[in-house]
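*Asks:* Below you will find the structure I want to go over with you.
The values are calculated or read from the model by the stated rules, or taken from the named source; none is laboratory data. Note that the coordinates shown come from a computational prediction; the quantities given were computed from them, not determined experimentally. Cβ placement follows ideal geometry from the backbone for every residue including glycine, while neighbour counts extend to all protein chains displayed. The protein model used for the area step is the full one, side chains on, heavy atoms only, and it has no ligands, DNA or RNA in it. Shrake-Rupley method; radii C 1.70, N 1.55, O 1.52, S 1.80 Å.
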Amino acid sequence: MPGVHSVDLSSEIKKKMKEALRKKLKGSVADMDLDSQLNTMTKAERMDSYLCSFRSPPGAAEICQAVEKSFGIDLEAAPVLPQAQKHLQITANSAMSPSRTAIHSYLADCGPVRTGDDARTMINHLFGVNLTAISALEKARISLYSKGQWIIQHDTDLFVVDTANKDADVRVSPTEYFIKQTGLHALPVELQRSLSRLGFCCDEQTGSYYYSNPDGQAVSDSFKGQTMRAIGEVIQQRLSHL
């Protein structure tokens, strides 16, 4: 699915981001130059610009929109982590979704978010969605499926990392593009070894490697980082020509 997360920016969103850029650059900047900057921004930088465009600290609705417009991720569909359930105090009269309720409660308890980094820290705490890490993966050629939706996916990605809703299970598989380019239906031997050292097991039927956290809890950001680094190293060292 090409461009699943090459997010299409509406004219209204572009206008907001440009306003934030002009404010940051403190000067008169040509519209064409602003367009060029927007096109080279990371998703995290786009999110920062969008949030900075508000005169007052953003609420739950604005934060959800910033994530959707910058990353293409629907936080409304992301389940709240068990450890963050205290923020799900839904009243009978609440018209908000559980996700927005959790964000609203977090902001009420901890104060408004002032920066994009603050918002991303909150989102990782509530939903286990590490937007900073996702932004860094934009050109890594790794597809990521999590929280029941595609987070990153491009036609020429080489591997898929698939997690269950609670992030307790992780599966690493070759993509159709990798299989077509290499003729292999299993992961490269170097990657198999690296994943095995992390505790992954081979699923011979699918050619994938699978890890299930023994305590049933979401795997840590550290474990996710080790997994992504193991995949990235093999791509850089062995597969960059594909």
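*Asks:* Once amide H atoms are built 1.01 Å from N in the peptide plane, which residues 5 or more positions from F159, or in another chain, come under 5 Å H to H?
*Replies:* S143, T175
*Asks:* How far is it, in nm, from the label point at H185 to the one at A108 when both lie 7 Å from their Cα along the line to the Cβ?
*Replies:* My value for the distance between the label points is 5.5 nm.
*Asks:* In whole Hz, what ³J(HN,Hα) sequence does the stretch 208-217 give by Karplus (6.51, -1.76, 1.60; θ = phi - 60°), x for Gly and Pro?
*Replies:* Per residue, the Karplus-derived 3J(HN,Hα) values read 9, 10, 10, 10, 10, 5, x, 8, x, 8 Hz.
*Asks:* Still on this structure, please answer the following. What residue among A108, H87, L137 has its Cα farthest toward the positive end of the dipole of the stretch 51-153, where the charges are +1 on Lys, Arg and -1 on Asp, Glu, each on the Cβ?
*Replies:* L137
*Asks:* Let me ask something else about it. Would you kindly derive the ³J(HN,Hα) couplings of the stretch 120-126 from the backbone phi angles with the Karplus curve 6.51 cos²θ - 1.76 cosθ + 1.60 (θ = phi - 60°), listing them in order in whole Hz, with x for Gly and Pro?
*Replies:* For the stretch 120-126, the Karplus-derived couplings read 5, 4, 4, 5, 5, 5, 7 Hz, x marking Gly and Pro.
*Asks:* Keeping every protein chain present and rolling a 1.4 Å probe, give me the accessible area per residue for the stretch 144-242 in Å².
*Replies:* 54 Å²
*Asks:* With +1 on each Lys and Arg Cβ and -1 on each Asp and Glu Cβ, how big is the dipole of the stretch 53-169 about its Cα centre, in debye rounded to the nearest 20?
*Replies:* 300 debye
*Asks:* Order of 66-75, 100-109, 211-220 by packing, highest average Cβ count within 10 Å first?
*Replies:* With the highest mean Cβ count within 10 Å placed first, the list reads 66-75, 100-109, 211-220.
*Asks:* I've got another one for you. Over 26 Å between Cα atoms: which of K86/K166; K43/K224; K69/K180; K43/K180 fall into that group? Numbers along the way, then the final one.
*Replies:* Details: K86/K166 17 Å; K43/K224 20 Å; K69/K180 33 Å; K43/K180 30 Å.
Those over the limit are K69/K180; K43/K180.
*Asks:* Sticking with this structure for a sec: I want the local charge near L191. Using Cβ-Cβ distances under 10 Å, sum +1 for each Lys or Arg and -1 for each Asp or Glu among the other residues.
*Replies:* Residues close to L191 contribute a combined charge of 0.
*Asks:* Still on this model: What does the charge add up to near I235, with Lys and Arg as +1, Asp and Glu as -1, over the other residues with Cβ less than 12 Å from its Cβ? It would help to have the intermediate numbers written out before the result.
*Replies:* On the way: positive: K139, R141, R229, R238; negative: D157, E190, E233.
Overall, the nearby charge balance is +1.
*Asks:* Ranked from highest to lowest mean number of other Cβ atoms within 10 Å per residue, what is the order of the peptides 46-52, 179-185, 76-82? Intermediate results must be reported in sequence, preceding the final value.
*Replies:* On the way: 46-52: 23.3, 179-185: 12.0, 76-82: 16.4.
Ranked from most to least packed, the peptides come out as 46-52, 76-82, 179-185.
*Asks:* Just how far, in whole angstrom, is the stretch 58-117 from the stretch 191-215 if you go by their alpha carbon centroids?
*Replies:* 33 Å
*Asks:* By how many nm would the segment from R229 to S212 lengthen if fully extended, with 0.36 nm per residue of separation less the alpha-carbon distance?
*Replies:* Full-extension gain reported as 4.3 nm.
*Asks:* Let me ask another. Testing the spin-label approximation: label points 7 Å from Cα along Cα→Cβ at D155 and Q236. State their distance in nm.
*Replies:* Each label point is offset 7 Å from its Cα along the Cβ direction, giving 2.7 nm.
*Asks:* Check S208: other-chain or 5+ apart residues with amide H under 5 Å from its amide H, H built from backbone geometry?
*Replies:* When sequence neighbours closer than 5 places are left aside, the close amide H contacts are D203.
*Asks:* A further question follows. Karplus couplings for the stretch 229-242 from phi (6.51 cos²θ - 1.76 cosθ + 1.60, θ = phi - 60°), rounded to Hz, Gly and Pro as x?
*Replies:* Residue by residue, the stretch 229-242 yields 5, 4, 5, x, 5, 5, 4, 5, 7, 10, 10, 5, 7, 6 Hz.
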